[in-house]
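Bear in mind these aren't lab numbers, they're just calculated from the coordinates by the rules spelled out. Everything quoted here is computed from the prediction, not taken from an experiment. Positions of Cβ are backbone-derived with ideal geometry, glycine not excepted, and every protein chain shown enters the neighbour counts.
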Amino acid sequence: MTQLSVNVNKLATLRNSRGKNNPDVVRGALDIVKFGAQGITVHPRPDARHIRSDDVYGLKKVLNVELNIEGYPSDDFLEMVLDVQPAQCTLVPDPPHVITSNAGWDVTRHEDQLRTVSQKLGSKGVRVSVFVDPETMKDDEYAKLKALGVHRVELFTEAYAEHYGKTDEAKVIARYKRSAELAREAGLGVNAGHDLSLENLTRLIQEIPWIDEVSIGHALICDALYMGLEETVRRYLKCIRDGEPHVSHSR
């Protein structure tokens, strides 16, 4: 079954906008897990504009599900990840000034960097996932990532979300499915994230049922403003179940 990892950055954004500790990010993450999520994702940035390092350490202490730390592999970021030793580290190529991750890695150009970082993290038992864009990824780069010590790729799903429900939807989905197939053939696990929502999640799982994990934050927290966290998490889990083959939908 595809696992749901909830990105709690937006809880931290709300907290930081007012100061103090409301909402409590750690408590929010624990509630999200209690409601059924199988993982928590955080993306600390150098300016600490949402998730801070103390959030990362606090979450590591209390979570009994997988913690996924996303970020650009700067020296400071890697030092924290190696200290925390989360279940997974997702490497993203975005510079500090961008609002959110907006591109996949140019694997060939950054081959040496990805090899060094992947082997360093892997030696500490951290699963390494690399953020890739099916629109720009070259066919031979999936096997290259495997050789570098990478364990999974995370499909950057912005284009999928943008074209969902439009006339060229099938063409875009075909690119994503091929990317996931190439990753699987190379021996890589497949994650997905960015702009996934209650509207488009089921279709993605239907087309690529071997996705290991989806990481969803912004849309889920926005939905929770209207439906509450418990109901929202329940609905996202249902979207995943509805997309999987040979699953009873009576629940």
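Note: relative contact order over region 177-251, using C-alpha pairs below 8 Å and six or more positions apart, is 33 percent. Ellipticity at 222 nm from helices only: DSSP H runs of n ≥ 4 in the chain, each -39500 (n - 2.57), divided by the residue count, give -13500 deg cm²/dmol.
Computed about the Cα centre, the dipole magnitude for the chain is approximately 640 debye when only Lys and Arg (+1) and Asp and Glu (-1) carry charge, each at its Cβ. Using a cutoff of 8 angstrom between alpha carbon atoms and counting only pairs six or more residues apart, the relative contact order for region 1-45 works out to 53 percent. When each of the peptides 154-160, 224-230, 134-140 is scored by the mean number of other C-beta atoms lying within 10 Å of its residues, the order from highest to lowest reads 154-160, 134-140, 224-230.
Computed as a quarter of the hull surface, the mean projected area of the alpha carbon convex hull for region 112-193 stands at 5.2 nm². Counted over region 3-243, the DSSP beta bridges are approximately 0% antiparallel. Positive end of the charge dipole of the chain (Lys, Arg +1 and Asp, Glu -1 on Cβ, about the Cα centre): tell me which of THR157, HIS110, PRO23 has its Cα farthest that way. Looking along the dipole axis, the top candidate is PRO23. With contacts taken as Cα pairs under 8 Å at a separation of at least 6 residues, the chain carries a relative contact order of 20 percent.
If you take all C-alpha pairs in region 3-243, what percent of them are over 33 Å apart? Here the long-distance tail beyond 33 Å is 13 percent of all Cα pairs in region 3-243. Expressed per residue, the C-alpha convex hull volume of region 118-249 stands at 126 Å³. Projection of the Cα convex hull of region 1-129, averaged over all directions and equal to a quarter of that hull's surface, yields 8.3 nm².
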